[in-house]
Structure formats: C-alpha cells, structure tokens
1. Does Ala61 satisfy being in a helix (DSSP H, G or I) and under 15 Å from Arg33 (Cβ atoms)?
2. So which of Arg78, Arg64, Arg100, Arg52 ends up being under 23 Å from Ala25 (Cα atoms), out of contact with any helix residue (DSSP H, G or I) (no Cβ under 7 Å at 6 or more places or on another chain) and of a type in the set (D, E, K, R)?
3. Test each condition in (1) open to solvent by less than 60 Å² (accessible area, probe 1.4 Å); (2) at pLDDT below 90 for Leu51 and report the one that comes out false.
4. Restricting attention to the stretch 16-48, and to residues there that are charged (D, E, K, R) and at pLDDT below 90, which single residue is surrounded by the fewest Cβ atoms within 10 Å (Cβ to Cβ)?
5. Kindly provide the set of residues from the stretch 66-100 that are of a type in the set (Gly, Ala, Ser), open to solvent by 50 Å² or more (accessible area, probe 1.4 Å) and under 19 Å from Pro11 (Cα atoms), ordered by number.
6. How many residues does the stretch 1-34 contain that are among the aromatic types (Phe, Trp, Tyr), more than 19 Å from Gln59 (Cα to Cα) and touching a residue at least 12 places away in the same chain (Cβ under 8 Å)?
Amino acid sequence: EFFDFHRDLLPRATCDAARQSLLRALQVLDDARCAAGVAQAYLASNDATVLRLCEGLLQNAVQRDPARAQEQLDAILREGRRHPERRQRAERILELVAARLASPGK
C-alpha cells in the first residue's frame with residue numbers, strides 16, 4: 001500500500017518539493033515497479049535534485065527488472081520524444097536504460 005501510494009501519486013505531483021519527497025520514499029522502498037512514475041517525474045521536473053533521484057531510481061529499476069522497466073518506459077518515452085521540450089530528457093532516459101542494460105553487473 002505504501003509503495004502504491006507513492007508510485008501513483010508521483011506523476012500527479014505538480015511541484016518539485018513534492019516530487020522530491022515522493023522520490024525519496026520510493027528510493028527507500030527500492031522497487032522496480034516505480035519506473036513509469038519516475039520517468040514521468042523526470043520529464044516534468046527542472047530541479048537538479050529531482051533529476052538525480054530519478055536517474056538513480058531508473059537505473060535501479062532497469063537493473064532489478066529490465067523487462068518490466070522497458071515495458072513501463074516504452075509508451076512514456078515515445079510520448080516524450082514527440083514533444084520538443086521533453087525530447088532531450090526522453091533521450092537521456094534512453095541513454096540511462098541502455099547503459100544499465102549494457103553493464104548489468106554495476
């Protein structure tokens with residue numbers, strides 16, 4: 001329940017302070033199912049701390065469950081790449097995923 005609450009609320013958060021709190025809770029829970037919500041927060045935020053938290057969570061999610069993470073991220077990344085203001089971030093997520101898949105032992 002605690003995980004589901006944070007995972008579901010994260011994409012709805014409209015300010016970086018709320019995103020940061022939710023991301024820190026998800027970081028403690030360390031569950032690969034958070035990839036979709038984290039990617040949405042990454043695309044929506046401009047805060048450096050939030051972006052770093054998102055990157056770490058995405059890398060962990062891909063390492064723990066690569067198939068599920070890729071499945072969750074596909075639609076979000078396709079949509080992100082269609083919007084010029086989000087394209088660069090969507091490309092960064094793809095880089096993170098590819099890097100983690102290329103070196104699963106890290």
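1. Numbers: in a helix (DSSP H, G or I): yes; under 15 Å from Arg33 (Cβ atoms): yes.
Against the criterion (in a helix (DSSP H, G or I) and under 15 Å from Arg33 (Cβ atoms)), Ala61 qualifies.
2. Numbers: Arg78 fails: under 23 Å from Ala25 (Cα atoms); Arg64 fails: out of contact with any helix residue (DSSP H, G or I) (no Cβ under 7 Å at 6 or more places or on another chain); Arg100 fails: out of contact with any helix residue (DSSP H, G or I) (no Cβ under 7 Å at 6 or more places or on another chain).
Criteria check complete, one pass: Arg52.
3. (2)
4. Going through the stretch 16-48, the residues charged (D, E, K, R) turn out to be 16, 19, 24, 30-31, 33, 47.
Subset that is at pLDDT below 90: 30-31, 33.
Working: Asp30: 12, Asp31: 17, Arg33: 17.
It comes out as Asp30.
5. Our first condition is that a residue be of a type in the set (Gly, Ala, Ser); within the stretch 66-100, this holds for 67, 69, 75, 80, 90, 98-99.
Narrowing the set further to residues that are open to solvent by 50 Å² or more (accessible area, probe 1.4 Å) leaves 67, 75, 98-99.
Residue satisfying the conditions is Ala75 alone.
6. 1
The values are calculated or read from the model by the stated rules, or taken from the named source; none is laboratory data. A quick note: this is a predicted structure, and the numbers were derived from the prediction, not measured. Counting neighbours? That spans all protein chains shown, and the Cβs are built from the backbone with ideal geometry, glycine included. We work out accessible area using only protein heavy atoms, side chains counted, and drop any ligands, DNA or RNA first. Shrake-Rupley method; radii C 1.70, N 1.55, O 1.52, S 1.80 Å.
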